[in-house]
Structures are given as structure tokens and as C-alpha cells.
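Presented below is the structure to which this report refers.
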């Protein structure tokens, strides 16, 4: 964050009752010119650096208190105002050149991207979903979180007037369209930002957060034609978004084999491509491809062949296809072959309610509804793989309305009992904790 | 030919000369893709100092993707194609798929082999290319196209292997190791490993993702002829980091 800054400070974590117990050091590198003159002990450091830094003690509901060292000096903050390049590497800075097409934007290596409907997921995937890519979502049979992803994906397409074809094993897939969320009204966003600023105890800490917030708030200023909307899952999508658009619903249960469905997808894509010569980006959403209600579900090679041909037609078109499937319903070989076929691979997992071990392990456990892992990110026209900072994120419903994805934060470990780790507060993607496989 | 390129660990482990019919099998998995090895070998084969030719059978990406990737590495595929040094067979294109309507997979694979053999013969005799490389990306998608009959695919690959003996070509095939890991019986992967002279396995690091090291490579060079007449195999293991214009190979721990 604060790059190239030479000074160090120590932070202690203190229990609620005020006795310093386990020391858990977090070292922050913060800008400081006269490092050499700095006194050596922590105590002296604290006293003498009053004009430059403060500690704030923050207590959270999990009854651990964490001391956060914050550089509250506005001077230092202003001097180190994060360059947009270091935070939004893939966006090419705050979009100064607004693309002419509302639902699309330019991606790396000459690709075009469209939004997945979830702002956090777009950020994780480097801007959005690349046109021509196949996204595969591994479902968890115990929870319908993949539906959340599909709903946001489809709503975003309708808001941007992008043609959509939706297939599911239900007899009446049109019914699902009634559950699509509506974009959040913009004044809700502003009130959200204000609220956080008002939390008094965190004021200093949040001032620092404000600089992060500025990056994303720029995209909100664009008014109606935003690239990615925040969706309110409690409000259904208004009727006017459905009228007159190319929306097709297919029931997979009725088709005896996938050939007919593939024909429909091909014609849908060729129609979408011909849209007055402009690219609008089409969306194909296929839910639960391998569900046992469908006749073809025991013919694995046929399903693979379908996905393969779908991938090849999508690749040559300006659309994104999202296919969800449940690995537990098919053989492992099939599942791995399908995962190899995917350009972008994501899996969702349920989190058990009232799991005491998990509650101790993770902060914010009560708000989490599930976990989302990103295994592969589409890389067209380049051979360099996308290595993410972390691959597993927690899915939370903010105020039960909008889906946010957050890095998993491990709760501070009691130093007296054992293993210390230096990365509390950051995303620990590779820590192995018993049977939990993040 | 190797003199023109700076040698790296991968080239060294593959052995200096690219001549003589060899089959190289590249195995990767979902976590780490082995496409960069195919790009490297393709670039090596299309080295401008020699008059080698390449027949590229692509099941996974269109030519534009490879063109852009290799252009960053300093090799222009469109020019090579125009110079008749590269024959790109795009199996993704719709006309190849349409053939499925009338014909069985067997017919398609036979026809495909016919095309490759013809191309090799023409290159060899009429255009005096010394060495031809056949690259297949990738075998598991060929299986899907053949509707799951791995026997057909194996036959096809065996025929391509016979080209290496007959015409001295090299064959490079990419396959996915983890697809076959749960199948117990002798399967396609094992057969291919048996056929291959060199097996390159690409795996992720045991410790997980890292920005500096993208994975590890194990090169098993079989059937090396030693002076005493016996054959042995050598195994090389090192790690790699992929960049846009090249790939760095280094021994574990020696990354600077």
C-alpha cells in the first residue's frame, strides 16, 4: 500500500479487559523521513510520534480487540495518495475514455469485457467476463448460491439491453425471470457511504479507508449507464426491462438430446451478432446442466460434446456463456474435462450455519452465506496466467440486499496456545486449517 | 538450429538436436496450464534460421490467439503461414464440426490423418523442408470430438507416430493428466506415455499459488542411447515463471 516507505511500528493486540496478553505484531511500513532519529523502544516510539501517528483501539463483536495503527496525518496521506495504477492495474486507471457501448469495456490484450453483475466479482476477475469466454460454475448441492451468480448475471444483461438466453431443467424456466433482482437506487449508495463515516470510534481508521472508497465511487458517478450495477436482491426487476428484448427461455427437461438446444444457441448467437452492426454482447445462462431430470444426463460424452461445441461458437461470437453444474452428479473424469473446457472456472460452496469452529476461525462469520473460489480466469491472447492474491472469498449479503465478496479474514490467534502467523487481517489463501479446504 | 536461441533449462533437458523423429507428450492439469510449453516448442520449430515446417492441429483456440501470443514472443505466425512453413488446421471452425453430421468420428479422424500425411509428404519432397513438426493441442478435446472413443484417438496418434519413423518428423501432443487420474485401467494417457520419447509434466507447486513461481516442470527423457548400447532415461525437474515474451526456467530455490 504505502510503497517504499521505511519506518516501522509495532502494534499489540490487547484483550477486552485491558490487560495486554498475547502480543501479535503487525508491522506496517509507513513513510518517515527521519527514521534514524527514531527511538528504539516501542513505548518511546509511541510517545514521540504523536504528531504523526495514532493508535485506535477497535473492539468488535467477537470480543477481540485489535489495535490499528493509522497514519492520521493528512500530510502523509496526501503525499501517499494511492495512484490509481497500483489499485486498478487492469482497468487502466479511472476510466477516462468512456467506451461508446454502455455494457462493455475494454479488457487486457485486446479483449472486450462485460460485467458479471457483481461488482466485487468483476474486480476479482480483472474487470469482468471476456467476450467469447465460457464460464463454468461448480455448484454445491447443499446450497443454491450459484443461483445468486446467475441472477446477477442475467439482470445485468437485461439492464444493459443485451440479448439473453436462459436454460434450466425446470419445466417453466420463465418463472425464474421473476426472481431477477433490480438495480439498486443510487441514493442508497450514498447513504451507505455516509453511515460508515459516522461510526465514531472508527473515524480515523475509516479516513484511511476513504481513499480506497474513492476509487470505486468514481465509477458510480456515471449516472445511468454504469458498467456494473449493484443489485438489490429484495426487489424484483421492473417489467420494462423485459419487454421487447431478445430473451429466450429453454427448458432442458423437454429436450431429448442437446442437439436441438445447441441449434437454438447458435441461432441466438448469430442473431445477437447481427444487431445493426454494433456489438452489444450476448449472454447465455445455463443452469444445472447435468441435473438428473434431463434425459441426456447419463450420456456424459454428449454433454461434453455440447459444451465443447458451445464453447467454439461462443468463442467466435460476442457473447459470454455461463454454465453451472454439480460435480457430485457426474463422474470425476467428466467433471475435470468440463473444468478444462472452461475459460473461467469458479466454484461456490455452502457454509454451515451455527458452526462454532468456523465462527472462531473467521471474522464476520455470522454474515456469510457461502464461499466463492476462483480457480481459473480466462486469458485470451496471452500465455501468462492470472495469479490472484487470494482465491477464496466469502459471499455476504449486505443488509440482505446486495451480494458482496470479501476476502476471508482469519480471527487473531491466541498467542499463548500456539502458532503465530504474521498475516492476520490479510487474505490467507493458502493456510490449511483442518478439514476446511479454502 | 539450437545455436540461434539462447539455451534455457527446458531446451537443455529436451536434448540439443531437434532432428530425428521424436514424440513429446506434454501433460498439464486444471490448476496449471501447459500451453506455454507448446508455444515454446512451436516457436523453436519455426525458428527463422532453419527451413522446418509445422503442421498445427488446434482443438482449443483459433489462430488469432496463437498469433498474438507468439507475436509477443517474437514469432509471426501469419507470415509463416504465408510462407508455407505453417499449416494451421483449425478444428474449432464450423466446417470441421459440420462434417460430423454425415460422417462418423472414425471417418473424420481418418480424413484428418490423410491431410496431415499429405502435408508432410508435400513439405518433405516438394519444398525440401528438412524437419516437420506436428503439434496437437489438445488430445482430450480430440477425444470429445470423437465422442469418447479413445481407441480411435489412440489409433490416430499411433499413425502420427509412424510418421516420425517414416519421415523423421516430430510429434508434440498436449494432454491433461488429471482427467485420467481416476481411471484405473490402462488408459489413453498411459498408452501415450509409453509411446512418447519425452514426457513433460506440468504441475502446480505443492505449496500453492505464487506470483514468482507459477509451477514446476518435470521432463522425463526416455530411450536415451548410451554408448554401451543400453537405453536409460533422465529426469529433470525445475520450476518456471511465465511472462508475456518468454518463460523463465530455474531450479527450485535459485530464483533471483
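For residue B:151, state whether it is in a helix (DSSP H, G or I), within 14 Å of chain A (Cβ to nearest Cβ), surrounded by fewer than 20 Cβ atoms within 10 Å (Cβ to Cβ) and modelled with pLDDT under 90.
Criteria met by residue B:151.
Answer with yes or no whether residue A:403 is buried (at least 19 other Cβ atoms within 10 Å of the Cβ), more than 18 Å from the chain's Cα centre (by Cα) and either on the phi < 0 side of the Ramachandran plot or not in a loop (DSSP other than H, G, I, E, B) (or both).
No.
Could you check the stretch A:351-370 and list, in sequence order, the residues that are closer than 15 Å to residue A:142 by Cβ and out of contact with any strand residue (DSSP E or B) (no Cβ under 8 Å at 6 or more places or on another chain)?
Those that are closer than 15 Å to residue A:142 by Cβ and out of contact with any strand residue (DSSP E or B) (no Cβ under 8 Å at 6 or more places or on another chain): A:352, A:353, A:354, A:355.
Of the conditions (1) without any contact (Cβ under 8 Å) to a residue 12 or more places away in the chain; (2) in a helix (DSSP H, G or I), residue A:337 satisfies every one except a single condition; which number is it?
(1)
Among A:309, A:291, A:305, A:317, which is part of a loop (DSSP other than H, G, I, E, B) and within 12 Å of chain B (Cβ to nearest Cβ)?
A:317
Look at the stretch B:71-88 and say how many of its residues are in contact with a helix residue (DSSP H, G or I) (Cβ under 7 Å, 6 or more places away or on another chain) and either free of Cβ contacts under 8 Å to residues at least 12 places away in the same chain or surrounded by fewer than 20 Cβ atoms within 10 Å (Cβ to Cβ) (or both).
Within the stretch B:71-88, residues that are in contact with a helix residue (DSSP H, G or I) (Cβ under 7 Å, 6 or more places away or on another chain) and either free of Cβ contacts under 8 Å to residues at least 12 places away in the same chain or surrounded by fewer than 20 Cβ atoms within 10 Å (Cβ to Cβ) (or both) number 3.
Any idea how many residues of the stretch B:159-212 are in contact (Cβ under 8 Å) with a residue 12 or more places away in the chain, within 14 Å of another protein chain (Cβ to nearest Cβ) and part of a loop (DSSP other than H, G, I, E, B)?
Selection size over the stretch B:159-212: 4.
Anything in the stretch A:138-169 that is closer than 19 Å to residue A:402 by Cβ and assigned to a strand (DSSP E or B)? List them, or say none.
Of everything in the stretch A:138-169, just one residue is closer than 19 Å to residue A:402 by Cβ and assigned to a strand (DSSP E or B), namely A:143.
Quick check: is even one residue across the stretch B:219-228 within 20 Å of the chain's Cα centre (by Cα) and within 14 Å of another protein chain (Cβ to nearest Cβ)?
no
Are any residues in the stretch B:44-60 surrounded by fewer than 18 Cβ atoms within 10 Å (Cβ to Cβ) and more than 21 Å from residue B:121 (Cβ to Cβ), and if so, which ones?
Answer for the stretch B:44-60, where residues must be surrounded by fewer than 18 Cβ atoms within 10 Å (Cβ to Cβ) and more than 21 Å from residue B:121 (Cβ to Cβ): B:47, B:48, B:49.
What is the one condition in (1) touching a residue at least 60 places away in the same chain (Cβ under 8 Å); (2) assigned to a helix (DSSP H, G or I) that residue B:136 does not satisfy?
Failed condition: (2).
The values are calculated or read from the model by the stated rules, or taken from the named source; none is laboratory data. Being a predicted model, the structure only gives us computed values, none of them experimental. Here Cβ is always computed from backbone atoms with ideal geometry, including for glycine, and neighbour counts include all displayed protein chains.
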